[in-house]
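Since the structure comes first, as structure tokens, the remarks are kept for the end.
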Amino acid sequence: MYKLLYADGQGCMFDAPLGAVGRTGDRLVEIMDEDVIPLPPGATLVLLPGGIPAGIAKNGAFKLWEQPAGGGPVHAVGALLPQGYTRTLLPGYRRRESRPLPLMGYAAVAWRAGGIYVAALPTDNPEPWDPAHYNSAELEPLVAERLAAAPQNRLLKHLAHCALEYRCYTAQNIFYARWEGGLPISPTCNARCLGCISKQPAQCCPAPQSRLDFSPTVEEAAEVALHHLQHAAGGIISFGQGCEGEPALAAEKIAVVIKSVRRARVAGTVNMNSNAGYTEGVARICDAGLHSIRVSLISARAEIYNAYYRPRDYRLADVVRSIRLAREQGVYVALNLLVLPGLNDLDSELQALVDLISQNDVNQVQLRNLNIDPDYFWAHVGRPAGKMLGIPYLIGELKKIRGLAVGSFTHPVA
């Protein structure tokens, strides 16, 4: 049996005499072998403030675990996974308070035979995103060196702040000159996503980072892009970062930057992370020579899509139109599928997703754990009907689609 893992107010962890449970949708389920793997390197254990841990007794009844009288409050525990791992279950708990949890992707954990297990599956090679490669002693000198070489570049200063203060990996890669580097360019957005990590209403949890508050010039963006692609092995430049809005709204600038990269004949991939709702902008960027686009998607059904993204002036049909247009232009299209156990693994959701992929020649699905408090999510989105199939089943069905790559992040495009 996997045992319930909980923490006291000082963060010390203990196992309880109850079986470990996870959550899918609004259901608690016992954690089984097929749900978990040993806690991988780079994963982080976290307390869930206000969460009363739940477990399962020998008679099969679910119970809340609370410290005996005088022992102080206890807290549920979850794990934050490194890139390349997809969670299969949410932590099992009940909340003491209504304030939403911080915007993180919590996964269920358990204790067994002296080790910690997490409800997750490996879905991509985690090596490039291993935390051991980031926040090294060399980072600050590298940042200082780049800023000294381009003192007037406001975008580079913004990326330096993201790299050092927010510990953003794609920002750090700009200064390490390797792999995927972020290139934020648009301070505005045409959606109001529930889980936006750069802009949240006051009544929700605070956004973990600040949004770009200026519009970089073409020259500033091109300088960063060209330097990265000239010096980074397997280099990728990605418009559309967590610290900005929707990049397609800055299509005119992005198109000029891409053309400057093409003229320079540098190796590497130019990618854009987008909600793809502004089809006219996506078309202009594709025409300029974009290599790949990663389209954010939580559901292929309009009612769920609209409830989460809360688009201002577009609909899911516009997103699909952008995907089709990009593929017609030869652009590699990946779906950035925001995964929440109890949503994407419903039979109704899976069928709609498979239809979208098959009908529009999508190249890849990137599985990304949705960073949000699940109770906050369900309160705003509602609970769609359908049969629960499980995240492992979802992944298995996606892998059956001929020609579709299944992973967790962007790779270079030939």
Beta bridge orientation in the chain: antiparallel %, DSSP, nearest 5: 60 percent
Mean 1/r over all different Cα pairs, inverted: what Kirkwood radius does the stretch 196-307 give, in Å? 15.2 Å
Need one number: % antiparallel among DSSP beta bridges in the stretch 310-414, to the nearest 5. 10 percent
Using a Gaussian network model of the chain with C-alpha springs under 10 Å, which one of V362, V109, V118 is most mobile by mean-square fluctuation? V362
Among P49, P73, P187, the residue with the largest mean-square fluctuation in a Gaussian network model of the chain built from Cα contacts under 10 Å is P73
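How big, on average over all directions, is the shadow cast by the Cα convex hull of the stretch 85-220, in nm²?
Values: hull surface 47.0 nm².
Quarter of the Cα hull surface area: 11.7 nm².
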With springs connecting C-alpha atoms under 10 Å apart, model the chain as a Gaussian network and identify which of A177, A132, A326 has the largest mean-square fluctuation. A132
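Once every DSSP H run of n ≥ 4 in the chain is given -39500 (n - 2.57) and the sum is divided by its residues, what mean residue ellipticity at 222 nm do you get, rounded to the nearest 500 deg cm²/dmol?
On the way: 11 runs with 119 residues, N = 414.
For the chain, the value works out to -8500 deg cm²/dmol.
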Under a point spin-label approximation (7 Å from Cα along Cα-to-Cβ), what is the M388-V256 distance to one decimal in nm? 5.3 nm
Just to be sure I understand the curve: with the Debye formula and one point per C-alpha of the stretch 276-414, what is log10 I(q)/I(0) at q = 0.15, 0.18, 0.21 Å⁻¹? -0.73, -1.05, -1.38
Given the stretch 337-414, what whole percent of its Cα pairs are spread farther than 21 Å? 30 percent
So for R0 = 25 Å, FRET eff. of R315-N135 from the Cβ-Cβ r, to 0.05, ends up at 0.05
Computed E for F14/R192 - FRET, C-beta separation, R0 41 angstrom, nearest 0.05: 0.50
Percentage relative contact order, the chain, counting C-alpha pairs under 8 Å, at least six apart: 14 percent
Dividing the convex hull volume of the alpha carbon atoms of the stretch 116-191 by its residue count, what do you get in Å³ per residue? 148 Å³
Note to self: with every protein chain in place and a 1.4 Å probe, the stretch 52-183 gives an accessible area per residue in Å² of 44 Å²
Over the stretch 15-148, relative contact order from alpha-carbon pairs under 8 Å, at least 6 apart, %: 28 percent
Rounded to whole angstrom, the alpha-carbon centroid of the stretch 1-66 lies from that of the stretch 308-372 at a distance of 31 Å
Considering only the stretch 263-348, what is the antiparallel percent among its DSSP beta bridges, to the nearest 5? 0 percent
Full-extension gain in nm, A405 to R27, via 0.36 nm per residue minus C-alpha separation: 133.0 nm
Could you tell me which of rounded, prolate or oblate describes the stretch 1-78, using a ≥ b ≥ c as the square roots of the eigenvalues of the alpha-carbon gyration tensor, with rounded for a/c under 1.5 and, failing that, prolate when a/b is larger than b/c and oblate otherwise? oblate
Computed lengthening from R265 to R94, 0.36 nm per intervening residue step minus Cα-Cα distance: 56.0 nm
Which helices of the chain meet both criteria: a Cα extent of 27 Å or more along the helical axis and a mean Kyte-Doolittle score no lower than 1.6, with helices taken as whole DSSP H segments? none
Got a number for the accessible area of E66? Probe 1.4 Å, square angstrom, nearest 10. 110 Å²
For the stretch 259-342, what's the radius of gyration and Dmax over Cα atoms, in angstrom? 14.0, 47
For the stretch 23-130, what D do you get in µm² per second when you plug the Kirkwood radius from alpha-carbon pairs into Stokes-Einstein at 4 °C and 1.567 mPa s? 88 µm²/s
Determine, from the Cβ-Cβ distance of E280 and K63 and an R0 of 60 Å, the FRET efficiency 1/(1 + (r/R0)^6), rounded to the nearest 0.05. 0.60
Exposure ranking of E127, E34, E397 by accessible area [1.4 Å probe, largest first]: E34, E127, E397
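The values are calculated or read from the model by the stated rules, or taken from the named source; none is laboratory data. Keep in mind that what you see is a predicted model, and the values were worked out from it rather than measured. With ideal geometry, Cβ positions are generated from the backbone for all residues, glycine too; neighbour counts draw on all protein chains shown. The accessibility values were calculated without ligands, DNA or RNA, using every heavy atom of the protein model including side chains. Shrake-Rupley method; radii C 1.70, N 1.55, O 1.52, S 1.80 Å.
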